[in-house]
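Derivation of every value follows stated rules applied to the coordinates shown; laboratory data play no part. Values in this document were obtained by computation on a predicted structure and should not be read as measured data. Here the Cβ is made from the backbone with ideal geometry for all residues, glycine too, and neighbour counts use every protein chain on show.
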Amino acid sequence: MASGEIQTSDYQQRRWQNIRKLLERSGPFCHPDFEPSAEILDFIMNSCKVLVVGAGGLGCELLKDLALMGFKKIHIVDMDTIELSNLNRQFLFRKNDIGSSKAKCAVEFVNKRIPGCEAVAHHCAIQDLDDGFYRQFHIVVCGLDSIVARRWLNGMLMSLLQYNDDRSLDQSSVIPLVDGGTEGFKGNARVILPGMSACIECTLDLYPPQKTFPLCTIANTPRLPEHCIEYVKVLQWAKENPWGETTQLDGDDPQHVAWVLEKAQERALKHGIANVTYRLTQGVLKNIIPAVASTNAAIAAACATEVFKLASSCCINMNNYMVLNMADGVYSYTFPAERRLDCVACSNTTRVMEIEADATLQMIYDKLCEDQAFLMKSPGITTVINGRNKTLYMSSIKSIEERTRDNLKKKITELGLYNGCDILVADITTPNTITIKLKFAENLDVDMAR
Amino acid sequence: MASPSPKSPEQSEKNKQYDRQLRLWGDHGQAALESGHICLINATALGTEVLKSIVLPGVGSITIVDDNIVSDEDVGCNFFLECSSKGLNRGSEALRLILELNPAVQGHAVQEPPDQILEQNPDFFKSFSVVIATVLSEKTIQELAQHLWDINVPFILCRSVGFLGSFRIQIKEHTIIETHPDNEQPDLRLDVPFQALSDYLNSFNIDDMDLKDHGHIPWIVILYKAVQKWQINNPNSWPMSRKEKNEIKNLIQEFIRKDENGIPINEENFEEAIRAVNTSLVPTFLPVKIQEFLYSSAATNLTKESPSFWIMCSALRSFVEAEGKGKLPVRGVLPDMTASTEHYVTLQNIYRTQAAMDAEIVYRKVQEIVSQLHCDTISENEVKLFCRHAHDLYLLKGSNIVTEYQLGTPVASYIARHLEEPDVMMVHYIMLRAAEMFRSEHCRAPGDWEPEADITKLKSCVSKLLSDISCSPFPKDDHIHEMCRYGGAEIHTVSAFLGGCVAHEAIKLVTKQYKPVNNTFIYDGASTNTATFTF
Ligand SMILES: [Zn+2]
């Protein structure tokens with residue numbers, strides 16, 4: 001009925017009145033390309049597809065924020081299920097939801113609360129979805145707590161880039177990535193235009209180095225309560241196998257945590273170390289990052305504002321990395337993170353690795369793990385010799401690891417590698433195999449004199 | 001096989017639910033939050049976003065004061081209203097949906113306009129830990145601010161218009177024991193070692209130790225030995241200058257053992273000692289700001305009503321003047337360092353024991369004061385915590401929001417100085433104030449219907465404000481134009497950002513941990529800029 005339709009459209013006009021003022025009016029600080037019109041809201045509502053990665057502390061907020069900024073075609077992916085410890089900040093979940101899929105639960109809630117929202121849930125790992133899936137989105141916004149997953153996603157979006165014949169970037173292949181992260185009272189939000197501005201791999205040095213305890217300290221000279229817990233986790237569990245050989249230590253199993261706590265307390269008592277508590281034990285076992293609702297809300301909102309700017313061009317995006325510290329007052333700082341021209345993920349060039357001619361494969365492996373430009377976790381290294389693929393080392397598959405382990409000790413020249421040859425590297429931090437060109441340093445002295 | 005059944009304590013349901021935040025403010029912070037009562041005036045999107053991040057972590061109770069009826073625009077930008085809420089009281093609807101977030105939180109809705117409550121039942125506000133308000137008229141802001149100032153209830157006034165937002169914290173006095181500084185200066189007392197410490201440090205003879213022990217000497221000992229050696233040629237002095245510190249580094253370098261070829265062996269503890277020279281040789285002294293607390297009138301003129309913070313300051317002063325010999329109690333925290341278990345644990349216990357002894361003395365003094373004043377007792381744990389953080393005590397002395405509206409000399413010249421800089425964030429503050437003035441004069445937001453038509457009117461509000469602070473008018477109308485473009489729109493993500501921040505600050509006030517914003521925060525979502533001003 002016509003009058004009903006008019007009523008609905010009137011209602012829609014009023015309902016989105018706030019956003020329409022931004023989209024249908026021009027202002028002196030708008031993006032130079034911005035032309036106010038009612039079509040922008042139509043695009044946001046009916047065409048613009050946004051992918052939210054993660055349905056945790058940031059993901060719940062992002063989903064709500066985007067839905068209230070007019071976005072309807074939102075997809076959200078998360079492989080996790082809801083736990084009790086999520087409920088202090090992941091506000092779309094209730095106690096009854098514990099054990100259910102985060103993505104599904106979040107979508108159900110938001111679609112119900114905000115009529116017209118058509119969010120879609122994917123209860124799976126980001127690695128289970130292929131390039132065809134990711135290519136359908138206009139914008140991806142990411143609220144993950146795992147650096148490895150974030151790097152993988154970054155690599156996926158970078159791999160979708162297309163280049164024209166003159167090696168220039170095909171703009172239509174660019175899917176902007178908005179990324180947020182929090183830790184306690186601190187957080188960051190950033191906008192990445194793949195191939196145009198700094199990506200996650202360009203700025204790996206912005207992540208704090210992982211805190212690890214040397215094995216000899218844990219085993220021989222413990223000082224801190226953490227050392228005692230690590231000892232039980234790393235050495236004593238494997239030795240005693242309290243639940244049988246097949247049972248791995250599970251930081252979510254209260255029985256396991258209690259066992260570790262008891263043994264760690266015994267060890268602490270023996271050495272006169274104080275303060276081994278349940279909370280600390282669980283924190284060390286699960287590598288728990290403190291989290292609170294307020295920081296997540298602020299960072300997610302900053303990200304969602306940037307998604308809105310990208311979709312509407314109503315003003316210029318942040319350039320390009322904001323840090324937020326809410327521990328001492330509330331302080332933010334935005335700076336342009338710089339691209340690495342030889343970035344393995346976002347540059348259209350082959351990365352060169354300098355290495356001594358008499359180096360062993362182990363040295364290449366270590367460089368891939370430790371060099372700030374790579375920071376890989378368990379790289380698998382292959383090469384092509386005389387047109388044939390040859391696996392040099394791979395740790396992910398046990399039989400191959402055993403077969404290739406000896407190669408690590410061999411000199412790279414013995415393995416058929418030469419100055420200027422390519423090695424192909426695969427790792428969990430990237431969805432794609434990365435090609436690296438070896439460049440032999442003349443000799444050690446030259447390198448040291450430099 | 002039978003499962004082992006360790007009898008260690010399992011965590012309570014509540015501890016599990018709040019685990020991630022308990023790691024930030026502890027069980028005592030949580031207890032403080034759970035006894036907090038937050039009042040929100042006006043359940044706008046900003047208001048409900050604030051409550052969301054206070055209810056989730058488990059505040060004791062909330063009260064929403066709102067006499068508005070839910071509109072379509074409200075539903076469009078506020079997650080805690082639903083389509084069926086339209087036409088109903090906004091506060092009650094928002095309360096119902098917010099309380100779903102956490103069954104442990106109590107809630108009330110009051111369907112009265114705030115100015116009416118102020119007039120008829122001003123005692124209503126007495127019981128709140130913090131009052132948070134949005135979208136108030138200039139008149140109500142001033143009346144409410146003055147009243148809350150008089151009854152000493154913290155107040156956070158917040159605004160969200162277009163891409164702009166702000167919040168202003170009004171609190172008379174706020175004392176913090178646990179500020180959680182990022183980098184805590186270690187309290188090692190190497191220049192004035194207490195007896196147990198100097199006995200221990202002197203028991204080492206670095207040259208006689210075998211190589212394995214040598215690599216496990218804590219760097220504190222190494223530093224102490226180096227300074228002792230340095231003092232042979234520099235009697236009665238302490239290395240302060242860069243040159244002197246370099247001399248210490250060289251002495252440490254000489255301690256490092258050499259292999260048979262005369263090449264220094266890699267000893268991590270000595271490397272750590274060299275790195276510690278610049279930061280850890282700071283002489284022990286009473287920080288000036290702490291001295292100010294100890295001798296402020298709040299700590300010297302105690303009454304029965306004095307807060308425990310000032311009673312503890314008074315006891316601390318007496319400790320510093322007597323047993324402490326001019327120094328604060330030993331903190332009792334040893335930084336992590338390469339060392340054998342035995343050395344590290346022994347050293348740690350030496351510091352801990354001294355800290356406990358010092359805190360014990362302060363506690364006895366607190367008890368004396370408490371019994372003299374006949375006031376509420378202060379627990380030993382509270383005193384211990386106070387002594388542990390005595391180096392980082394923090395006092396915030398706030399100002400009344402009304403002074404911003406009276407625009408007397410200090411506030412006016414403060415604003416003028418920032419405008420002349422020119423600081424665009426202060427321009428945003430003026431625009432938010434001007435929009436508020438416009439609302440008082442025209443009973444609607446600038447640009448509500450037609451942006452262009454209101455530019456002149458808003459400009460006259462801006463001029464009024466600028467002339468009150470003796471500033472020349474803005475050279476361009478662009479910020480005025482932009483405010484008219486916003487037309488009073490509340491943008492959800494802008495409110496959500498501010499809501500997170502305001503909730504965060506309210507939690508800091510209630511838990512009395514971490515330093516809050518002092519006292520005004522401005523956010524521009526368009527340029528992703530933030531600023532803090534102190535009015
Ligand atoms: Zn890159």
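For the range B:353-496, what value does the Rg/Rh ratio take when both radii are computed over Cα atoms and Rh is the Kirkwood radius, given to two decimals? Write down the numbers at each step before the final one.
On the way: Rg = 25.2 Å, Rh = 19.4 Å.
With Rh from the inverse mean 1/r over Cα pairs, Rg/Rh is 1.30.
Taking θ as phi - 60° and the Karplus parameters 6.51, -1.76 and 1.60, the scalar couplings of the range A:94-100 work out to 10, 4, 4, 8, 4, x, 7 Hz in sequence order, x denoting glycine and proline. Kirkwood radius and radius of gyration were both taken over the C-alpha atoms of the range A:122-227, and their ratio Rg/Rh is 1.13. log10 I(q)/I(0), Debye, Cα-only the protein assembly as shown, no solvent, q = 0.08, 0.09 Å⁻¹? Summing over Cα pairs of the protein assembly as shown leads to -0.94, -1.18.
For the range A:305-397, what is the convex hull (Cα atoms) projected area averaged across all directions, in square nanometres? Walk me through the numbers on the way to the answer.
Working: hull surface 45.1 nm².
Taking the Cα atoms of the range A:305-397, their convex hull projects to 11.3 nm² on average.
Tally the DSSP beta bridges in the protein assembly as shown and give the antiparallel ones as a percent, rounded to 5. Antiparallel: roughly 55 percent of the beta bridges in the protein assembly as shown. What percent does the relative contact order of chain B come to when contacts are Cα pairs within less than 8 Å and at least six residues apart? Contact order relative to length: 20 percent.
The alpha carbons of the range B:401-486 stretch over 37, 25, 17 Å along the principal axes, in descending order. The translational diffusion coefficient of the range B:154-277, from Stokes-Einstein at 25 °C and 0.890 mPa s with a Kirkwood hydrodynamic radius over alpha carbon pairs, comes to 134 µm²/s.
Here the range A:215-286 is described by how far its Cα atoms reach on the three principal axes: 32, 23, 18 Å, from widest to narrowest. In terms of its Cα atoms, the range A:254-314 spans 64, 22, 14 Å along the principal axes, sorted from long to short.
With Cα atoms defining each centre, the range A:151-165 and the range A:55-129 are spaced 26 Å apart in the structure. Here the Debye sum runs over all C-alpha atoms of the range B:467-535 as equal scatterers in vacuum, and log10 of I(q)/I(0) at q = 0.26 Å⁻¹ comes out as -1.23. Taking the Cα atoms only, what angle lies between the long axis of helix A:254-271 and the longest principal axis of chain A, rounded to 10 degrees? Once rounded, the angle reads 50 degrees. Reported to the nearest whole Å, the Cα centre-to-centre distance from the range B:462-499 to the range B:50-83 is 26.
Tell me the volume per residue, in Å³, of the convex hull enclosing the alpha carbons of chain A.
Details: hull volume 98.0 nm³, N = 450.
In chain A, the Cα convex hull volume per residue is 218 Å³.
Relative to the dominant Cα principal axis of chain A, helix A:293-312 is inclined by about 60°. Grab the DSSP H runs of chain B that are 4 residues or longer, score each as -39,500 (n - 2.57), total them, divide by all residues and round the 222 nm result to the nearest 500 deg cm²/dmol. Rounded to the nearest 500, the figure is -16000 deg cm²/dmol. Eigen-decomposition of the gyration tensor built on the alpha-carbon atoms of the range B:59-153 gives equivalent ellipsoid semi-axes of 25, 17, 10 angstrom, largest listed first. Checking the Cα-Cα distances for A:263/B:52; A:270/B:258; A:233/B:212; A:72/B:16; A:286/B:258 against a 32 Å cut-off, the pairs over it are A:263/B:52; A:270/B:258; A:72/B:16; A:286/B:258.
In straight-distance terms, cross-link reach from residue B:304 covers every one of the lysines whose alpha-carbon lies under 20 Å from its own, apart from those fewer than eight places away in the same chain; here that gives B:172, B:365.
Taking the convex hull of the alpha carbon positions in the range A:351-440 and averaging its projected area over all directions gives 5.4 nm². Ranking B:406, B:506, B:473 by Cα position along the charge dipole of the range B:397-535, where only Lys, Arg, Asp and Glu carry charges on their C-beta atoms, puts B:506 farthest toward the positive end.
Is it possible to state the helix-based mean residue ellipticity at 222 nm for chain A, with each DSSP H run of 4+ residues giving -39500 (n - 2.57), the sum divided by total residues, to the nearest 500 deg cm²/dmol? What is it? Intermediate values should be presented prior to the final figure.
Numbers: 16 runs with 160 residues, N = 450.
For chain A, the value works out to -10500 deg cm²/dmol.
Between B:99, B:329, B:69, the Cα set farthest toward the positive side of the dipole of chain B (charges on each charged residue's Cβ, about the Cα centre) is that of B:329.
Net charge of the neighbourhood of residue B:193, taken over other residues with C-beta under 13 Å away and scored Lys/Arg +1, Asp/Glu -1, is +1. Note: the range A:1-103, Cα convex hull, 152 Å³ per residue. Assuming charge only on the beta carbon of Lys and Arg (+1) and of Asp and Glu (-1), the dipole of chain A about its Cα centre is about 740 debye to the nearest 20. Each Lys or Arg adds one and each Asp or Glu takes one away; over the other residues whose Cβ falls under 13 Å from the Cβ of residue B:453, this sums to +1. Evaluated at q = 0.16, 0.18, 0.19, 0.21 Å⁻¹, a Debye calculation over the C-alpha positions of the range A:246-391 (equal weights, vacuum) places log10 I(q)/I(0) at -1.05, -1.08, -1.12, -1.23.
Summarised in one figure, the compactness ratio Rg/Rh of the range B:288-397, Cα atoms and Kirkwood Rh, is 1.04. Across chain B, the volume of the C-alpha convex hull divided among the residues equals 238 Å³ per residue. Each eigenvalue of the Cα gyration tensor of the range A:224-332, multiplied by 5 and square-rooted, gives one semi-axis; in descending order these are 43, 17, 10 Å.
Taking Cα atoms only, the orientation of helix A:102-113 departs from the longest principal axis of chain A by about 10 degrees.
The spacing between the range B:180-257 and the range B:399-444, judged by their C-alpha centroids, is 55 Å.
Treat every Asp and Glu Cβ in the range B:401-486 as -1 and every Lys and Arg Cβ as +1, leave all other atoms uncharged, and give the resulting dipole magnitude about the Cα centre to the nearest 20 debye. Around 160 debye, computed over the range B:401-486. Counting Lys and Arg as +1 and Asp and Glu as -1 over every other residue whose Cβ lies under 10 Å from the Cβ of residue A:303, the net charge comes to -3.
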